[in-house]
Amino acid sequence: MGSGGELVLFCIIGPLMVVAALALLFARKPVHAAVGLIFVMIGMAFLYTALEAPFLGVAQVVVYTGAIMILFVFVLMLVGVDAADSVAETIRGQRWIAVALGAGLVAVLAGVVLTANLPPAVGLEEANAMTNPVGVAYEIFGSTVFALELVGVLLITAALGAITLTHKERLSAIRDQRATVRLRQRAYARGEGSQVLTPAPAPGVYALHNAADVPALDPEGNPIDISVPRVLRIRGQELAPADVDGHVASIASGTFVQPVASPPAPSPDTSDPAAGRTDEEGGER
């Protein structure tokens, strides 16, 4: 760093980046960890710009902070992560193995830094002779093109591995509503299983009895006559709650008793316009 302003900037942003990195490691909520990583990336963009690499600073903000991390945060906020991670060890002694490997890695890196013969810093004036983007392009597609190709192969391999691990073989083709209805009709025609054409009963309604002819009850336990369809009331096919109490009690106790069906009411004479109406219905009209 050549000027005092760059040194001051590094002394301010460097410790804040370390704090954000520690928050990334020790945060309990994934959203807080993502915010810490975003702060680290923004700090790196400031340092790139201070080191005379504005193109890398802009790319850091636009690509990593503005696209990847914001997309990650949106996924966390939409999907949600409510389940806590399990702290049980799947491999016995894996924590001590991880600590030993981490300590060995730190020792190797410290030895490399202490024994390496680093050349003096020359800055980016020569590399940025034709502006910083051109200098970055020369480095990427010139001396480091082989490493760039290896990184591309690594990314493609990771993407293919993720697709392979998350892919599930379908045992049958996806059926739409029309195909589902046709299969149900064929099963009903062949008498296979317990396929029925009518929808399943609502929760709380016994499938052995059609509750359309039983009136609903108000909060005081009195039947509500208008809850039974008008056609059933005209035909006299409605049932009182007392008529099915024994049936319900037998089902609840496990001793099923088949209820005796009441004989159907005689069909009204359609020649008379007033036929089919009860005195109550006629009075209401």
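Figures for the structure shown
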{"item": "Any hit, segment 97-107, residues being outside any helix (DSSP H, G or I) and at pLDDT 80 or above", "result": "no"}
{"item": "Residue count for segment 1-30, restricted to those that are assigned to a loop (DSSP other than H, G, I, E, B) and touching a helix residue (DSSP H, G or I) at 6+ places or on another chain (Cβ under 6 Å)", "result": "2"}
{"item": "Scope segment 3-26; condition surrounded by 12 or more Cβ atoms within 10 Å (Cβ to Cβ) and modelled with pLDDT under 85; matching residues", "result": "E6, L7"}
{"item": "Residue within segment 128-145 that is more than 21 Å from F55 (Cα to Cα) and surrounded by fewer than 10 Cβ atoms within 10 Å (Cβ to Cβ) present", "result": "no"}
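The values are calculated or read from the model by the stated rules, or taken from the named source; none is laboratory data. Fair warning: this is a prediction, and the values are worked out from it, not measured in the lab. Note that we place each Cβ from the backbone using ideal geometry, even for glycine, and neighbour counts take in every protein chain shown.
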